[in-house]
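The structure appears below as structure tokens.
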Amino acid sequence: MKNNSTLQEKTSKYLCPTYARYPLAVKSARGCHLYDFEGREYLDMLSGISVCNLGHSHPEIVSAIASQAKKLIHVSNLFYQEEQAALAEKLISTCSLDRVFFCNSGAEANEGAIKLTRRYMQKILNQNRFEILTLNGSFHGRTLATLTATGQDKIKQGFDPLPKGFQTVPVNDKDALEQAVTPDTAAIMVEIIQGEGGIRLLSPGFLKKIVQIREKHDLLLIIDEIQTGMGRTGRFWAHQHYGLEPDIITSAKALANGLPMGAVLCTEKISSAFDPGSHGTTFGGNPLACAAALKVLEIMEQENLVKKADQLGRKALGIFERIRQDHPQKIMEIRGKGLMLGIELTFPGNRLWKALLEQGFVLNLTQDTVLRLLPPLVISGKHIESFAMTLDKLLQNPQLCQG
Ligand SMILES: *Cc1c(COP(=O)(O)O)cnc(C)c1O
């Protein structure tokens, strides 16, 4: 990074080395663009990993945050707060569930879902089932329980002993799922499209099997919509593509368009497993985050963003599919729904990814070979076309198409 070496030095010196940073220091952002310290503009096709779905510094979000900051930032869950109640009502109206618990991150939402599942089994059903089945390649977070739930070994290294009560099953393998169920099994937890795992879709047949097994063994179905929710896939929640009726949904990332916020949504009956004192979090649902999230939901309606993600996503799939046909030796597959798209390369994509960044396109490379696109839902078709043209051009350079 040539433009800000002191920033790079300080970062390496004072922060724990948990992240491999991109060679880009972001000074500011607006709409679909990021700006570095030299004033260079980048097209953001990642949205801070599906967080800033309405783009950066959306004027109405900025003013909602500013006016809420003047009114009330935090008071704690010891008090009634109008922003919290209003957001809960509105968020619930997006799905078939009844109640919500607010928290501050995706991992915390999944942790809450895991705790709620165990407590529901123990306190409401009077059973001691506790095990949660998850899928290989999944990502559910970095707390001890959620990293154990995550189906990727690299995330678990060096953190033994891991909590018990989790079992991972291969994706789209109906028989393996059936065989994994034991008398201890309490729930199945899945992402409808694995994000971190490389934009991998669960097959409709596998989803049908999940529903069957859930009925047969009276399991809870927890859907991790942390990345796929909030309109990202062209439905408000990704499970709505398939008419599923989850018992618990977890949300975070785009919920407050950049302020830290998570949520656990559940049925009335399941929510009764929690009583005062059984679960909590200091910052969860504070008025500032709630005011931002409420404004997010309003803007999504006004700007019809779920439908837009669906339509633009279809268009983008078509554009990328044509590029794949022109480069069949280099692109293995195009996958995704709405504006959650993956371009799987036949080679390790690091050089290509870096060249795209140098050309001004910010996206993510996941699982070594998958270019992951999570652009703001307000992105235009023109922006996607300009990315596609650059990708097409770079794919013609053999130097960039090798590991
Ligand atoms: C990002 C993510 C999480 C974890 O969220 P954090 O806010 O980083 O804790 C969990 N599940 C999925 C599917 C995610 O994409």
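List of remarks:
- Label-to-label distance for Asn126 and Ala66 is 5.9 nm, based on points extended 7 Å past Cα in the beta-carbon direction.
- Length-normalised contact order for the chain - Cα pairs under 8 Å, 6+ apart - percent: 21
- Of all lysines in the structure, the ones whose alpha carbon falls short of 17 Å from that of Lys71, not counting any fewer than 8 places away in one chain, are Lys295.
- Gain on full stretching of the segment that runs from Asn397 to Arg40 - 0.36 nm per residue minus C-alpha separation: 126.1 nm
- Prolate/oblate/rounded call for segment 273-334, Cα gyration tensor, a/c under 1.5 rounded: prolate
- Exposed-site-free run, longest, the chain (rule: trypsin sites (Lys or Arg not before Pro); DSSP loop; at most 15 other C-beta within 10 Å): 165-403
- Electrostatic dipole magnitude of the chain [Cβ: Lys, Arg +1; Asp, Glu -1; Cα centre; debye, to 20]: 580
- Degrees separating the helix 287-302 axis from the principal Cα axis of the chain, which is the longest one: 70
- Low-density loop cleavage sites - chymotrypsin sites (Phe, Trp or Tyr not before Pro) in segment 19-65, where at most 12 other Cβ are within 10 Å (DSSP): Tyr19
- Computed from backbone phi with θ = phi - 60° and the Karplus coefficients 6.51, -1.76 and 1.60, the 3J(HN,Hα) list for segment 174-183 is 5, 5, 4, 5, 4, 6, 6, 5, 10, x Hz; x is used for glycine and proline.
- From least to most packed, judged by other beta carbons within 10 angstrom and beginning with the fewest, Ser93, Ser57, Ser251 follow the order Ser93, Ser57, Ser251.
- With Cα atoms defining each centre, segment 107-183 and segment 353-385 are spaced 31 Å apart in the structure.
- CD proxy at 222 nm, helix term only [per DSSP H run n ≥ 4: -39500 (n - 2.57); per residue of the chain; nearest 500]: -11000 deg cm²/dmol
- Residue (of Leu144, Leu91, Phe387) at the positive-pole extreme of the chain, dipole from beta-carbon charges: Phe387
- Nitroxide proxy distance, nm - points 7 Å out along Cα→Cβ at Asp184 and Lys27: 5.6
- Degrees, to the nearest 10: 5-14 long Cα axis against longest axis of the chain: 30
- When the pairs Lys209/Lys307; Lys115/Lys156; Lys123/Lys164; Lys253/Lys330 are compared against a 25 Å limit on Cα-Cα distance, Lys209/Lys307; Lys253/Lys330 fall above it.
- Over the chain, equivalent-ellipsoid semi-axes from the Cα gyration tensor in Å: 34, 27, 20
- 0 to 90° range, to nearest 10: angle between helix 204-217 axis and the chain longest Cα axis: 20
- Here the 3J(HN,Hα) profile of segment 228-237, calculated from phi with Karplus coefficients 6.51, -1.76 and 1.60 at θ = phi - 60°, is 7, x, 6, x, 3, 9, x, 10, 4, 10 Hz, Gly and Pro shown as x.
Since every read-out is calculated from the coordinates, none of them should be taken as a lab result. Here the structure is a predicted model, which means the values were calculated and not measured. Glycine also receives a Cβ, built like all others from the backbone with ideal geometry; neighbour counts cover every protein chain displayed.
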